[in-house]
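In what follows, a structure is listed as structure tokens, so that the remarks can point back to it.
The values are calculated or read from the model by the stated rules, or taken from the named source; none is laboratory data. These numbers come from a predicted model, not from an experiment. Quick reminder, even Gly has a Cβ in these numbers, built from the backbone with ideal geometry, and neighbours come from all protein chains shown.
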Amino acid sequence: MNSITNNENTAPIVFEIRNTQVMVDYDLAMMYDVALEDLHLATQTYANRFPEHFMFKLNKDENQVICEQHPRFKTNAFCSITDTLVFTQLGMYMLSSVLDTPKAVDININILETIHVQRTPVSEAKVKEALQVLDAKINNAVNFLNKKIETIGNETPSTERKPVGYTYEKKDTKLK
């Protein structure tokens, strides 16, 4: 039997099924603000965009395990559905591109912008400039430390020492 575990950091949305982290169609329909039937229709219409490593159907046993382990599914129609789809991270991205709700479009735009920013190369000139600034700061710190070390080595100990502790002046205390 396949092991199904719940990822504690994102409970109860992300599950591990068949050694793959996935989200169930029910949660994605809520996230993308679309009816579950419309989500299923979109995956059927664009079936060529959802290979098995993007989306797969739970078998009866896997569906039952989720229903037993996660009580929130018992209160809705999820447990009575036999065609439960689960989506990997890539499948979620693809799903956002085929659904036509404002939420799905917004998520898809954010995904694409994030990918673009991550792939935008940093110019060599900017890297060199940043390294020069860093190099200057390191040189200043090294010079400062070298000067401090030199002054410590060049100090001559003073021969006169001040007494330690409380001192008092003696007063003439004779009674007259």
Quick one: which of 20, 75 is modelled with pLDDT under 90, of a type in the set (Ser, Thr, Tyr) and under 26 Å from the mean Cα position of the chain (by Cα)? 20
Examine region 25-34 for a residue that is at negative phi and either in a loop (DSSP other than H, G, I, E, B) or modelled with pLDDT of 90 or more (or both), and state whether such a residue exists. yes
Starting from region 81-105, keep only residues that are within 16 Å of residue 44 (Cβ to Cβ), then list their pairs with residues that are in a helix (DSSP H, G or I) and of a type in the set (S, T, N, Q) whose Cβ atoms are within a distance under 6 Å, requiring at least 6 positions of separation or different chains. 84/63; 97/108
Those residues that are more than 22 Å from the chain's Cα centre (by Cα) and not in a helix (DSSP H, G or I), I need them from region 87-118; list them, please. 99, 100, 101
Under the condition of being out of contact with any helix residue (DSSP H, G or I) (no Cβ under 7 Å at 6 or more places or on another chain), of a type in the set (A, V, I, L, M, F, W, C) and farther than 12 Å from residue 83 by Cβ, which residue from region 42-67 is surrounded by the fewest Cβ atoms within 10 Å (Cβ to Cβ)? 47
Among the numbered criteria (1) farther than 20 Å from residue 115 by Cβ; (2) at pLDDT 85 or above; (3) part of a loop (DSSP other than H, G, I, E, B), which one does residue 43 miss? (3)
Filtering region 46-75 down to residues that are in a helix (DSSP H, G or I), of a type in the set (A, V, I, L, M, F, W, C) and touching a residue at least 24 places away in the same chain (Cβ under 8 Å) yields 65, 66, 73
